[in-house]
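For reference, the structure is listed below as structure tokens.
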Amino acid sequence: AKAEKQASSLNVDVKTAVSSKAFTPHVALASEQFYATKAISALLDILKATQQRQHHSMVIQAIMFIFQSLGPKCVAFLPQTIPLFLSVVRSCELNVREAFFGQLNGLVGIVGHHIADFVEQIIEIIVGHWETPSLQNRILVLIENLSDALGERLNPFLSPILPEILEILPSDRTATREPTFRALQTIQTLALNRNLNTFLSMVISSLVSSFEQRGVALSVTEQIVKTINILCDFVEVRDYATRILHPYSRLVVRHPQIQPHVMEGVCSLIKTLGSNFFVYAPMIISIVHRCREMKEKRLLLKYKHITSSLIKQVQERRKENLAMSGCQIVGRDQFQEDLSLVSLGVEDINGDDM
């Protein structure tokens, strides 16, 4: 009813809208959708009329009100609504465009994965308006919402916009570095939803080079390391272990305050690598030794538990292989010595130190 009043206030002939061929009869089976159909049809007629451009912002709000009322039932109207929305945003005033991106975020929250059929068109709009500073924050929120709604189905559409997001890190010259923190939050969301698997080389290179630049604020470095750690937890980073560990080993020397976050990342990376982590043992041991004096002993204990478990698995597997082959170790066991080095420096850490 409210939507019809809004349409009426804009001098729209609702009776004409009802007879519109834009909607099929099955949509009007339920009375709620029947009246929604009338109102939406009338409102879309306004969006089509360029001479009524001054009303477009109000129309978008009215349509979103109807969609919120309908909930998932509004999916039936998406094929008529979204293409027209996207057409209007290309030519509308900036204030309407800002409202559009805000309303589109709300729409994704309502329809969820049903937005999939329109992602390519939405990404085109995003790329086309990326250079507008006042829109970037809304766009990043929209990308996060699309990621939450679609998961890995978003992956094929990210290549045009992901480099633009990463470019924020080295180009941000603001005093607060708020754009950087906002971009990192988006990258974290994409990592959590497994959207970055095919872009790992680009993402890791960008993150590492950003925190290794001179003059980078400690708070920025800390957030970048947290972002890399999320990648270690949720994305297959096995092939990029060296590109993470080498910078981490330099970072713990340069910024001791970051050591706890680095140790979190090392523990996550070890769990990802499994028994293959012994290949990287020298780098890992170097990092652990430099973090030996940090206050957060729980992280050293966590490292000790993870590595002890892996060492036990490797020893048992090796024992089984030797038994099957009938071989025996005579003299110095270099392999066993290498294993013992992994826990060197944390062997005396226990729960009482936490």
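Where a number appears in this text, it was derived from the coordinates with a stated rule and is not lab data. These numbers were taken from a predicted model, which means no experiment stands behind them. So basically every Cβ, Gly included, is an ideal-geometry build from the backbone, and we count neighbours across all protein chains shown.
Which pairs, out of Lys226/Lys319; Lys73/Lys226; Lys226/Lys312, put more than 32 Å between their alpha-carbon atoms? Too far apart for the 32 Å limit: Lys226/Lys319; Lys73/Lys226. Value of Rg to Rh for region 124-268, rounded to two decimals, is 0.95; Kirkwood radius and Rg both from alpha-carbon coordinates. If the chain linking Leu84 and Ser159 were pulled fully straight, counting 0.36 nm for each residue of separation and taking away their Cα-Cα distance, it would gain 24.5 nm.
Running Debye on region 38-177 with equal point scatterers at the Cα sites and no solvent, what base-10 log of I(q)/I(0) appears at q = 0.11 Å⁻¹? Taken in order of the listed q values, log10 I(q)/I(0) reads -0.41. The local environment of Gly215, defined by Cβ-Cβ distances under 14 Å, has a net charge of +2 under the rule Lys, Arg +1 and Asp, Glu -1. Pick out, in residue order, every one of the trypsin sites (Lys or Arg not before Pro) in region 163-265 that is DSSP loop and has at most 10 other C-beta atoms within 10 Å; say none if there are none. Answer by residue number: Arg173, Arg214. Between region 190-230 and region 40-112, the alpha-carbon centres lie 35 Å apart. Between Asp148 and Thr198, the distance separating the two model label sites (each 7 Å from Cα on the Cα→Cβ line) works out to 2.5 nm. Normalised by 2.2 N^0.38 Å, where N is the number of residues, the alpha-carbon radius of gyration of region 47-119 equals 1.04. Between Ser219 and Ser308, residue separation times 0.36 nm minus the direct Cα-Cα distance comes to 28.8 nm.
Charge tally for Ser91 (other residues, Cβ to Cβ under 14 Å; Lys, Arg +1; Asp, Glu -1): +3.
Mind listing which trypsin sites (Lys or Arg not before Pro) in region 38-136 are in a DSSP loop and have 14 or fewer other Cβ atoms within 10 Å?
Counting only loop positions with at most 14 other Cβ atoms within 10 Å, the trypsin sites (Lys or Arg not before Pro) in region 38-136 are Arg90.
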